[in-house]
1. I'd like the full set of residues that are under 19 Å from residue 141 (Cβ atoms) and either outside any helix (DSSP H, G or I) or modelled with pLDDT of 90 or more (or both), limited to region 199-212.
2. Using the structure shown, decide if residue 368 is crowded, with 24+ Cβ neighbours inside 10 Å and under 29 Å from residue 143 (Cα atoms).
3. With the condition kept exactly as written, say whether any residue in region 104-115 is in contact with a helix residue (DSSP H, G or I) (Cβ under 9 Å, 6 or more places away or on another chain), buried (at least 22 other Cβ atoms within 10 Å of the Cβ), outside any helix (DSSP H, G or I) and touching a residue at least 12 places away in the same chain (Cβ under 8 Å).
4. Return the residues of region 297-311 that are buried (at least 21 other Cβ atoms within 10 Å of the Cβ) and over 17 Å from residue 402 (Cβ atoms); say none if nothing qualifies.
5. In contact (Cβ under 8 Å) with a residue 24 or more places away in the chain, within 30 Å of residue 267 (Cβ to Cβ) and within 21 Å of the chain's Cα centre (by Cα): is that true of residue 191 in this structure?
6. Within region 338-347, identify whether any single residue is under 24 Å from residue 127 (Cβ atoms), touching a helix residue (DSSP H, G or I) at 6+ places or on another chain (Cβ under 6 Å) and in a helix (DSSP H, G or I), and answer yes or no.
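The values are calculated or read from the model by the stated rules, or taken from the named source; none is laboratory data. The structure displayed is predicted, hence computed values, not measured ones. For neighbour counting, all protein chains shown are included, and Cβ atoms are generated from backbone atoms with ideal geometry for every residue, glycine included.
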């Protein structure tokens, strides 16, 4: 009698013990989506309040933008730590540990008495929140095979994309009602609820027999193994440059629109939400196109749009950021990320499926590492000049295009990969 097939749609999937809930479905997937959304949730919901924080603490725009930098450094370091450890120790307990610490760090942000304490608390918040970001991708890679992996990563990006749509408006309303500190109490409550759901609904997806032998030292060695694969390296560089260009917009938009154009918190939140909707729409398209349109084709379209948007934003920065040029270019930039992120992530993790935690960690660490660098750079000339922003987005946009053409497209064609 033949052995029954396993995998998605054929009984227990690899890494999921019989009788246990599937972490890639139902409430388990919803919890993973919220954990993955911790970055835009903790950034975009607070972005409208950055000028208010500057005034309350009597500090400068660059100092306030350091709260983004510390958060991104925490995310970068935390993803490398949690992702690499998870290949040796498993996913579930690290996910729950990160969720619990993120709740405590969010409360510390709400209680911060000074800009220095606030910056430190934001760093801890990023470090702890990194567990959900990096392990969500790894859990999906553990639990699924293509094309479902690509579809779920696309859907994850759609759900994560809802956070930038809702967060600035929700943040603006909270700021108007309870002040910027209330924003972080709301984040703490949300993360507490999701951590409880994860404890109840997300099983271990990497059983002991599939973990990296030799413990943590061997798992760290997996970083070199992943980076030794040329196509993964090219995808990593493309991913990092693209996200850097996007984060330049996230970091600078509040000061450009509020300080230079006099927009209120609700007006800024609405404009930010409309741009995020563009990314959500293209992410949804990516999810539905998985398995029908090659990843490389979707990524190529996204990279082309990003390069165009970067050129337009640089031009806008030189001539005073007229809204008639600045806002459409921002929409093109964010829409392009909806094509780049899910497809590039699926293609990259496909190159390191045997090291899903480490591969996910490298993507996230380098992604948020570049964000930590970009955040203070865009504010170097103060809140009344957008030229540093324009230079950053142009350089990173050009880097995205060059990396895709020379490090991804040629190699992928030679190896006949892209699905």
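1. In the first step, residues of region 199-212 are kept if they are under 19 Å from residue 141 (Cβ atoms); the result is 201-212.
Answer for region 199-212, where residues must be under 19 Å from residue 141 (Cβ atoms) and either outside any helix (DSSP H, G or I) or modelled with pLDDT of 90 or more (or both): 202, 203, 204, 205, 206, 207, 211, 212.
2. Working: crowded, with 24+ Cβ neighbours inside 10 Å: yes; under 29 Å from residue 143 (Cα atoms): yes.
For residue 368, the condition - crowded, with 24+ Cβ neighbours inside 10 Å and under 29 Å from residue 143 (Cα atoms) - is met.
3. Step one: list which residues in region 104-115 are in contact with a helix residue (DSSP H, G or I) (Cβ under 9 Å, 6 or more places away or on another chain), which gives 104-112, 114-115.
Checking the rest, the ones that are also buried (at least 22 other Cβ atoms within 10 Å of the Cβ) come to 105-106, 109.
Still in the list and also outside any helix (DSSP H, G or I): none.
Within region 104-115, not a single residue is in contact with a helix residue (DSSP H, G or I) (Cβ under 9 Å, 6 or more places away or on another chain), buried (at least 22 other Cβ atoms within 10 Å of the Cβ), outside any helix (DSSP H, G or I) and touching a residue at least 12 places away in the same chain (Cβ under 8 Å).
4. Result: 298, single match.
5. Details: in contact (Cβ under 8 Å) with a residue 24 or more places away in the chain: yes; within 30 Å of residue 267 (Cβ to Cβ): yes; within 21 Å of the chain's Cα centre (by Cα): yes.
When the stated conditions are applied, residue 191 passes them.
6. As a first pass, look at region 338-347 and keep what is under 24 Å from residue 127 (Cβ atoms): 341, 345.
Remaining after also requiring touching a helix residue (DSSP H, G or I) at 6+ places or on another chain (Cβ under 6 Å): 341, 345.
Still in the list and also in a helix (DSSP H, G or I): 341, 345.
The answer is yes, given that some residue of region 338-347 is under 24 Å from residue 127 (Cβ atoms), touching a helix residue (DSSP H, G or I) at 6+ places or on another chain (Cβ under 6 Å) and in a helix (DSSP H, G or I).
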